[in-house]
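First the structure, in the form of structure tokens, and then the observations on it.
Coordinate-derived values only; no laboratory data. As the structure is a prediction and not an experimental result, all values here were calculated from the model. Ideal geometry is used to build each Cβ from the backbone, glycine not excepted, and the neighbour counts take in all protein chains shown.
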Amino acid sequence: MTPRPRKVSDEDVFAAAFRAMTRLGPAELTLAEIADEAGVTAGALVQRFGSKRQLQLALAEGAAEFAGDFIRGLRAKHKSPLAAIRDYADCMAHLAESPAALARNLAYLQTDISDPDFRKHLLVQSKATRSGMIELLQDAVDARELRKGTDVAKLARIIETVLSGGLITWGIYREGSAERWLRDHVETVLAPHLMPKRRGSRQ
């Protein structure tokens, strides 16, 4: 008797797709690769999602919906709001665990930016992340980690830009780890806004 296929949830499939995407670029990624990672058949994924594109769009939509919860989860981990921001920078650095990994992630980003269906999810995700960053920075002002009167909306935009640009410049210079590279960038941006007694500290 042929064993019945193992049932997997959408979350299992999305996790498998993410793992496959960390190994493979857009041109290499196939439904067969994702199915193998998830332990199901490619036909099962076609039945459920219709195509690789539809599966990736569903994954992008889920990531967009989760973005706010992700930032709040970082906040819950740390007593210090600035420690949560530094943790977020470290998470961003995972996109560049190696130059090859960064190149793959940038290839997927190209699709996210150029394809309107993907971009709408990227925009939702980015807005939620920026909103969460503004909340973290305001918490830091309230906790007297940052100076009173700090323009938290402007600072959030700068941090967002510095982290995104920092990934690119790390890929060019490759001096040390991406994590250290991004951390140094964030510390430079935060330094003028730190309360005097906090200046230079690592939380």
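Computed quantities for the displayed model
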| quantity | calculated |
| --- | --- |
| Isotropically averaged projected area of segment 99-192, using the convex hull of Cα atoms (one quarter of hull area), nm² | 6.7 nm² |
| Net charge over other residues, Cβ less than 13 angstrom from the Cβ of Ala42 (K, R count +1; D, E count -1) | -1 |
| Spin-label pair Thr161/Leu109, simplified geometry with 7 Å Cα→Cβ offset, distance in nm | 1.5 nm |
| Förster-model FRET efficiency, 35 Å R0, Glu28 and Arg147, C-beta, rounded to 0.05 | 0.15 |
| For Leu146, distant residues with modelled amide H under 5 Å away | Val141, Met195 |
| Net charge dipole size for the chain [Lys, Arg +1 and Asp, Glu -1 on Cβ; Debye, nearest 20] | 620 debye |
| Among Gln56, Ser177, Met21 the positive-end extreme of the charge dipole of the chain (Cβ point charges) | Ser177 |
| Distance from segment 162-184 to segment 33-90 (C-alpha centre basis), Å | 23 Å |
| Proximal lysines relative to Lys197, as straight alpha-carbon distance under 30 Å, when same-chain residues fewer than 8 apart are discounted | Lys77, Lys79, Lys148, Lys154 |
| Under 16 Å from the Ala100 label point (7 Å along Cα→beta-carbon), backbone N, segment 22-63 | 22-29 |
| FRET efficiency, Lys120 to Ala76 (Cβ-Cβ, R0 25 Å, nearest 0.05) | 0.30 |
| Separation in nanometres of the label points that stand 7 Å from Cα toward Cβ, at Ile168 and Phe66 | 2.7 nm |
